[in-house]
């Protein structure tokens, strides 16, 4: 009889179906709040983490990236792509999966889908940053770019920052109609707009989330008044931006990890020594965020590995005692660690 795998061979796997079940089980707004708190907690221990710009493989049509980090006890990475042309082919622009492992043994502890989870952690990070940077009492947000990420952003800002109105705009009216329909009954006033300028009427927070892999000008300088907070999340690779350079020059800029953001973010348009503030320094109280009611704050977010690490760590905890994972026979576990070949031979008996 072939040897049977022991418990050491199995790794919890969270499929897309499991992730959807977990979200509904916890509640999406509760989960977004929990994720924001988990990400903020890890930003508070920023110095413990390995940090490196993501490893990217670019092509003419998109990018494939690996995003690794470790806090010394756990190691995590995410595989993620970004292919803007995919939508026209009936495919997702972004897909992802991730793994969490034990540093002591190197054994994986979790394998998870991260297409949904990336949307959740991106939205949670945006709203967590705005909690520190946006005008106090902000109630209205312009949401420019109404694709796959938009609803997550709107609900995160509602749950975490208290936004009660979202003003939607996309160059594709069908995307806006989709987003408005999905947000119906979610406790938000939803205003569908016919231009970017209209979407910003009365908005104290502006979120840009467009996908084209090019230098784009989604916001021009004249569209942005004093005192707003800009959450720019669409620019996330070299040659891809959303904001006019003049807006950057008027703003106090906050970033996740400067060596990565200077390559991929809005600030790739600026000189390499242009001053920026790292978000973790605001969260830990080492520096101030918004200084006054007139200041324009800009979170130039490209997504960083620590946020994915936080999300995986949260999921590993959240699935305990639930049916929202399955055990994968993923690791070879011979009776004698030196006899891997013997295990193979015995498996045919």
Q. What's the exposure ranking of 165, 201, 73, going from fewest to most Cβ atoms within 10 Å?
A. 73, 201, 165
Q: Please determine, in degrees from 0 to 90 and to the nearest 10, the orientation of helix 115-133 with respect to the longest principal axis defined by the Cα atoms of the chain, where the helix direction is its Cα long axis.
A: 40 degrees
Q. Angle between the Cα long axis of helix 173-183 and the longest principal axis of the chain, 0 to 90 degrees, nearest 10?
A. 70 degrees
Q) Label points 7 Å out from Cα along the Cβ direction at residue 51 and residue 246: separation in nm? A) 3.3 nm
(Q) As an exercise, find the ratio Rg/Rh for the chain from alpha-carbon atoms, using the Kirkwood inverse-distance average for Rh. (A) 1.01
Q: May I ask you to sort 336, 50 by Cβ crowding, counting other Cβ atoms within 10 Å and putting the fewest first?
A: 336, 50
Q | Computed helical MRE - 222 nm, the chain, DSSP H runs ≥ 4 contributing -39500 (n - 2.57), nearest 500 | A | -9000 deg cm²/dmol
Q) Taking Cα centroids, how far is region 153-200 from region 38-52 in Å? A) 31 Å
Q. Once both axes come from the Cα atoms, what is the angle between helix 16-26 and the longest principal axis of the chain, in degrees from 0 to 90, rounded to 10?
A. 70 degrees
(Q) Could you list 104, 256 so that the one with the fewest beta carbons within 10 Å of its beta carbon is first and the one with the most is last? (A) 104, 256
Q) For region 76-151 and region 267-344, what is the separation of their C-alpha centers, rounded to whole Å? A) 10 Å
Q. Got the relative contact order for the chain handy, in percent, Cα pairs under 8 Å and 6 or more residues apart?
A. 22 percent
Q) Taking N as the number of residues in region 126-303, what is its alpha-carbon radius of gyration divided by 2.2 N^0.38 Å? A) 0.95
Q) For residue 164 and residue 293, what does the FRET efficiency come to when R0 = 22 Å and r is the distance between their Cβ atoms, rounded to the nearest 0.05? A) 0.65
Q: Compute the relative contact order of region 31-158 as a whole-number percentage, counting only Cα pairs closer than 8 Å that sit 6 or more residues apart in sequence.
A: 20 percent
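Bear in mind these aren't lab numbers, they're just calculated from the coordinates by the rules spelled out. Remember, predicted model here, so these are calculated numbers, not experimental data. Ideal geometry is used to build each Cβ from the backbone, glycine not excepted, and the neighbour counts take in all protein chains shown.
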